[in-house]
1. Kindly evaluate Glu275 against the criterion of being assigned to a loop (DSSP other than H, G, I, E, B) and in contact with a Lys or Arg (Cβ under 8 Å, 6 or more places away or on another chain).
2. Filter region 144-174 for residues that are free of Cβ contacts under 8 Å to residues at least 60 places away in the same chain, of a type outside the set (Asp, Glu) and part of a helix (DSSP H, G or I) and give the result.
3. Against the definition (over 22 Å from the mean Cα position of the chain (by Cα), in a loop (DSSP other than H, G, I, E, B) and at pLDDT 95 or above), how does Asn30 come out, yes or no?
4. Given (1) of a type outside the set (Val, Ile, Thr); (2) more than 22 Å from Gly298 (Cα to Cα); (3) surrounded by fewer than 21 Cβ atoms within 10 Å (Cβ to Cβ), where does Ala94 come up short, assuming only one miss?
5. Quick one: would you say Gly317 is of a type in the set (Gly, Ala, Ser), part of a loop (DSSP other than H, G, I, E, B) and open to solvent by less than 20 Å² (accessible area, probe 1.4 Å)?
6. If you check every pair at least six apart or on different chains, which have Cβ atoms under 6 Å apart with a residue in region 52-63 that is on the phi > 0 side of the Ramachandran plot and outside any loop (DSSP other than H, G, I, E, B) first and a residue that is open to solvent by 20 Å² or more (accessible area, probe 1.4 Å) and at pLDDT 95 or above second?
7. Give the residue, chosen from Leu254, Leu265, Leu236, that is in contact (Cβ under 8 Å) with a residue 60 or more places away in the chain and open to solvent by less than 10 Å² (accessible area, probe 1.4 Å).
8. Give me the residue from region 278-311 that is in contact (Cβ under 8 Å) with a residue 60 or more places away in the chain and acidic (Asp, Glu) and, out of that set, surrounded by the fewest Cβ atoms within 10 Å (Cβ to Cβ).
Amino acid sequence: MLHVVDSLERGGLERLVNDLAIAQHQAGWNVAVFSINDTQGYRQCLEDAGVPVIVGHKQGTLDMQVLKLLRHTLKSTGIRTVHAHNFVPSYYAAIALIGLRPKVAQVVTCHDMGTRLNNRRLRALFKWSVGRSQRIAMVGRQVFERFVSTGIVPASKACTVLNAVPIDHFVITPDKRSWARQALGLASQDLVVGCVGRLVELKNHATLIKLWPDVLRARPDARLVLIGDGPLRDTLQKLAFELGVADHIVFAGLRENVAQLLPALDIFALPSLTEGVSIALLEAMATGLPSLASKVGGNIEVIEHGQTGLLFDLQEGQALRQALMALVGDEALRAQLARQARTWTQTNASLNVLTTRYASLYGEAHEQLR
């Protein structure tokens, strides 16, 4: 089978494809990944694990050379199932499959709420590709309802497949905690709140930074760690300096070893303005971290408020502050939420659950193809 992606540059979608393809390969599948654009990111990780990566080096809007390479890959390797991830890969794959014999089943996963589909051309091409696909998976119920209710995906083809993470990679031990804190320049006694994600407006890091003076009044040993990079880095660093909290905030930058760094945290925060089903949140919960997240998108499917984490309403001005201070001030609550979060993730969002679900979905797609 062949996974088709825009690229393998580091992000939640790309991380999921990396983990899924490697798990499928280890289970004995003949699996490869086709990247439409020039890419590095997870490419080396996949190749090191024995999963071939074909790179299209896309130029322009609809690159015929990429389509030819994709079609050649499908024909020469005997691919029977194509798994396209999001919108451009879905129509590239659908075009490449036209007229192929024997027929190849196509499954598409929608990894987000589809705001890019406001572009009429992309929306039309994606809807066309949906018509030529057998099954369309949504990463959460909110995503499912959006695509079906807007008529982009027919309910007969749609299903929900929750994102997942390799649970065994995410765990806290005293040694791992000590190593991670040293790697981030943190003291053993610090109370550490962390966030993983690109430094962009939708991730809402500024709101978290603005709360840090209040946090420090309650816990002078509190540190905020932002793992990730992006165009707002300078702006956010300036804000931290202006608020007098720059010495208490670590801008860790883009890291390839997030699983090894998460044990440094005491609390995970995700104040995003929008989310699908966040891989970063699932990884934090799998690690056994008490988490708080905005009440948007797939966050409400992952966190049961007061059970597996805390949710806050972006429309309520003090809600994030109240949730954050509740966790900062209550060690027993942190421990309870952490235990329940890891248990939920093991049951509902492990990589074993994901690979089994997609294997079933591929089978359904082939049944529809006949």
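1. No: the conditions fail for Glu275.
2. Residues satisfying the conditions are Phe144, Arg146, Phe147, Val148, Ser149, Pro174.
3. Working: over 22 Å from the mean Cα position of the chain (by Cα): yes; in a loop (DSSP other than H, G, I, E, B): yes; at pLDDT 95 or above: yes.
Yes.
4. (3)
5. Taking the combined requirement at face value, the residue does not satisfy it.
6. Listed pairs, sorted by first residue: none to list.
7. Values: Leu254 fails: open to solvent by less than 10 Å² (accessible area, probe 1.4 Å); Leu236 fails: in contact (Cβ under 8 Å) with a residue 60 or more places away in the chain.
When all the criteria are applied, what remains is Leu265.
8. Glu301
The values are calculated or read from the model by the stated rules, or taken from the named source; none is laboratory data. What you see is a predicted model, and the numbers here were worked out from it, not measured in a lab. Reconstructed Cβ throughout: ideal geometry from the backbone, glycine too, with neighbour counts over all protein chains shown. Surface accessibility is based on the protein's heavy atoms, side chains included, excluding ligands, DNA and RNA. Shrake-Rupley method; radii C 1.70, N 1.55, O 1.52, S 1.80 Å.
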